[in-house]
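Below is one structure, written out as structure tokens, with a few remarks after it.
The values are calculated or read from the model by the stated rules, or taken from the named source; none is laboratory data. Everything quoted here is computed from the prediction, not taken from an experiment. All Cβ positions, even for glycine, are placed from backbone atoms using ideal geometry, and neighbour counts span all protein chains on display. Protein only, heavy atoms only, side chains kept; ligands, DNA and RNA dropped before computing areas. Shrake-Rupley method; radii C 1.70, N 1.55, O 1.52, S 1.80 Å.
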Amino acid sequence: MAYWNSRGLRGSDLEEIINFTNAQYRRKGLALFQKIPTPITPVEVDNQKHTITLAYFDQSSTVDYMGVVQGIPVCFDAKETAQKHLPLQNIHEHQLLFMEDFQAQKGIAFLLVYFSAMDEYYFLPIEVLRRYWQAAQTGGRKSIPYAAFERRYEIRRQRNGMLHYLEAIAKYLEATETEGREDTC
């Protein structure tokens, strides 16, 4: 059973940036996204500070965000790493399976990955994640190297603080139309 403690959840700064961006997308009528809460059961509570200091996760969550962009269903999970690779242990099998099922229903599923050491953000298509996941299951590397993240899917932070990832989604859609969905990577 997974636990959360008072050190908090990793990636909260990344989530704040994404939440700000999503609010701007909604305000401008470009997209509508919702943060999917992870269900927890509190074990210890600091009544003076009104905070949960220890809890366990009730069930496996799906992804961090779900929404729609101009009529296209989209789901993604936000991941952060201080290394020059994304450890696959940061992605749970139930998340991958959910994203695969989502894509099978004609949605777009991806990871939004932040490499904190390089201060770079990337859109990682589900196809790339799936390829590395399958290789790891048969004895291959247990991480996705930085080199696997394509420059065309780099997401630049705007001066106003937005992380304009809709541009990467548009590039992905363009690539899938010209190259075919399974051959985009």
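Restricting attention to segment 136-144, does a residue exist that is surrounded by 13 or more Cβ atoms within 10 Å (Cβ to Cβ), touching a residue at least 40 places away in the same chain (Cβ under 8 Å) and under 16 Å from the mean Cα position of the chain (by Cα)?
Yes: one or more hits.
For segment 149-161, enumerate the residues that are open to solvent by less than 20 Å² (accessible area, probe 1.4 Å) and under 16 Å from the mean Cα position of the chain (by Cα).
Of all residues in segment 149-161, those open to solvent by less than 20 Å² (accessible area, probe 1.4 Å) come to 149, 153, 155, 161.
If the condition is that a residue be open to solvent by less than 20 Å² (accessible area, probe 1.4 Å) and under 16 Å from the mean Cα position of the chain (by Cα), then PHE149, TYR153, ILE155 are the ones that fit.
Kindly provide the set of residues from segment 70-116 that are closer than 27 Å to LEU30 by Cα, open to solvent by 20 Å² or more (accessible area, probe 1.4 Å) and among the hydrophobic types (A, V, I, L, M, F, W, C), ordered by number.
From segment 70-116, those closer than 27 Å to LEU30 by Cα are 70-80, 95-96, 98-115; that's our starting set.
Those still in the list that are open to solvent by 20 Å² or more (accessible area, probe 1.4 Å) too: 70-73, 79-80, 98, 100-102, 104-106, 114.
Answer for segment 70-116, where residues must be closer than 27 Å to LEU30 by Cα, open to solvent by 20 Å² or more (accessible area, probe 1.4 Å) and among the hydrophobic types (A, V, I, L, M, F, W, C): ILE72, PHE98, PHE102, ALA104.
Can you tell me which of (1) more than 25 Å from SER12 (Cβ to Cβ); (2) assigned to a loop (DSSP other than H, G, I, E, B); (3) open to solvent by less than 60 Å² (accessible area, probe 1.4 Å); (4) touching a strand residue (DSSP E or B) at 6+ places or on another chain (Cβ under 9 Å) is the one VAL63 doesn't meet?
For VAL63, the exception is condition (1).
Kindly indicate whether any position in segment 28-44 is part of a strand (DSSP E or B), touching a helix residue (DSSP H, G or I) at 6+ places or on another chain (Cβ under 9 Å), open to solvent by less than 40 Å² (accessible area, probe 1.4 Å) and at pLDDT 90 or above. I'd like the intermediate steps shown before the answer.
Within segment 28-44, the first condition is being part of a strand (DSSP E or B), and the residues that meet it are 31-35, 40-44.
Those still in the list that are touching a helix residue (DSSP H, G or I) at 6+ places or on another chain (Cβ under 9 Å) too: 31-35.
In the following step, the residues that additionally are open to solvent by less than 40 Å² (accessible area, probe 1.4 Å) were identified as 31, 33.
Then keep just the ones that are at pLDDT 90 or above; that gives 31, 33.
The answer is yes, given that some residue of segment 28-44 is part of a strand (DSSP E or B), touching a helix residue (DSSP H, G or I) at 6+ places or on another chain (Cβ under 9 Å), open to solvent by less than 40 Å² (accessible area, probe 1.4 Å) and at pLDDT 90 or above.
Among the residues of segment 117-132, is any more than 19 Å from LEU166 (Cβ to Cβ) and of a type in the set (Ser, Thr, Tyr)?
Yes: segment 117-132 contains one or more residues that are more than 19 Å from LEU166 (Cβ to Cβ) and of a type in the set (Ser, Thr, Tyr).
Output yes when any residue across segment 138-146 is within 21 Å of ASP13 (Cβ to Cβ), not acidic (Asp, Glu) and not in a strand (DSSP E or B), and no when none is.
Scanning segment 138-146 turns up at least one residue that is within 21 Å of ASP13 (Cβ to Cβ), not acidic (Asp, Glu) and not in a strand (DSSP E or B).
What residue, of GLN103, GLN95, is within 18 Å of GLU15 (Cα to Cα) and part of a helix (DSSP H, G or I)?
Numbers: GLN103 fails: within 18 Å of GLU15 (Cα to Cα).
Criteria check complete, one pass: GLN95.
So which pairs qualify, if the first residue must be in segment 147-171 and in contact (Cβ under 8 Å) with a residue 12 or more places away in the chain and at positive phi, the second must be part of a helix (DSSP H, G or I) and surrounded by fewer than 17 Cβ atoms within 10 Å (Cβ to Cβ), the Cβ gap must be under 7 Å, and the two must be at least 6 apart or on different chains?
Correct list of pairs: GLY161/PHE20.
Taking the conditions exactly as written (open to solvent by less than 60 Å² (accessible area, probe 1.4 Å) and under 14 Å from the mean Cα position of the chain (by Cα)), does LEU124 satisfy them or not?
Values: open to solvent by less than 60 Å² (accessible area, probe 1.4 Å): yes; under 14 Å from the mean Cα position of the chain (by Cα): yes.
Considered against the rule, which asks whether it is open to solvent by less than 60 Å² (accessible area, probe 1.4 Å) and under 14 Å from the mean Cα position of the chain (by Cα), LEU124 comes out as yes.
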